[in-house]
1. So which of F89, F36, F62, F50 ends up being open to solvent by 100 Å² or more (accessible area, probe 1.4 Å), under 30 Å from P13 (Cβ atoms) and free of Cβ contacts under 8 Å to residues at least 60 places away in the same chain?
2. Against the definition (surrounded by fewer than 20 Cβ atoms within 10 Å (Cβ to Cβ), part of a helix (DSSP H, G or I) and in contact (Cβ under 8 Å) with a residue 12 or more places away in the chain), how does F114 come out, yes or no?
3. Which one of these does S43 not meet: (1) of a type in the set (S, T, Y); (2) open to solvent by 90 Å² or more (accessible area, probe 1.4 Å); (3) in a helix (DSSP H, G or I)?
Amino acid sequence: MAKMDSFYAGWTPRVLSILRIVAAFLFLAHGAQKLFGFLAAPSWKAPATFSQMWVGGVLEFFGGILLLLGLFTRPVAFILSGMMAVAYFQMHAPGGFWPLQNKGELAALYAFLFLFLAVAGGGEWSVDRLLRRRR
């Protein structure tokens with residue numbers, strides 16, 4: 001049992017980093033779609049500057065890049081968690097109680113994932129950790 005505990009203790013910070021990197025990559029794609037039309041429908045139009053959609057795209061894209069790098073992970077993840085909670089309650093919840101019904105599964109999942117990262121940090125493979133080591 002002690003050997004397994006040691007295995008899990010050693011790999012948890014690494015897998016945390018993998019979770020952060022994959023989630024950030026998927027999340028920043030949403031921002032790239034909103035801001036630049038990346039993989040968007042042919043009818044895509046750029047959102048008006050400083051509109052709510054534009055601010056969301058900026059937070060998704062640049063926040064996603066920061067999370068991908070693991071730079072300022074905790075504050076960025078906290079801000080993105082709040083943004084996704086607002087997205088859920090503003091855009092999805094009016095469509096029904098259940099996330100499956102209102103198509104808010106991703107918003108809810110990202111909100112809680114980012115809340116977790118705000119507490120847990122970026123893991124072993126992050127710029128935050130490199131900066132902490134140098135001090």
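1. F62
2. No, not satisfied.
3. Condition not satisfied by S43: (3).
This table checks each residue for (1) over 11 Å from the mean Cα position of the chain (by Cα); (2) under 20 Å from L113 (Cβ atoms).
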{"site": "I21", "(1), (2)": "no, yes"}
{"site": "T49", "(1), (2)": "yes, no"}
{"site": "V55", "(1), (2)": "yes, no"}
{"site": "L69", "(1), (2)": "yes, yes"}
{"site": "P94", "(1), (2)": "yes, no"}
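The values are calculated or read from the model by the stated rules, or taken from the named source; none is laboratory data. None of the values given here were measured: they were computed from a predicted structure. Glycine also receives a Cβ, built like all others from the backbone with ideal geometry; neighbour counts cover every protein chain displayed. Surface areas here come from the heavy atoms of the whole protein model, side chains and all, with no ligands, DNA or RNA. Shrake-Rupley method; radii C 1.70, N 1.55, O 1.52, S 1.80 Å.
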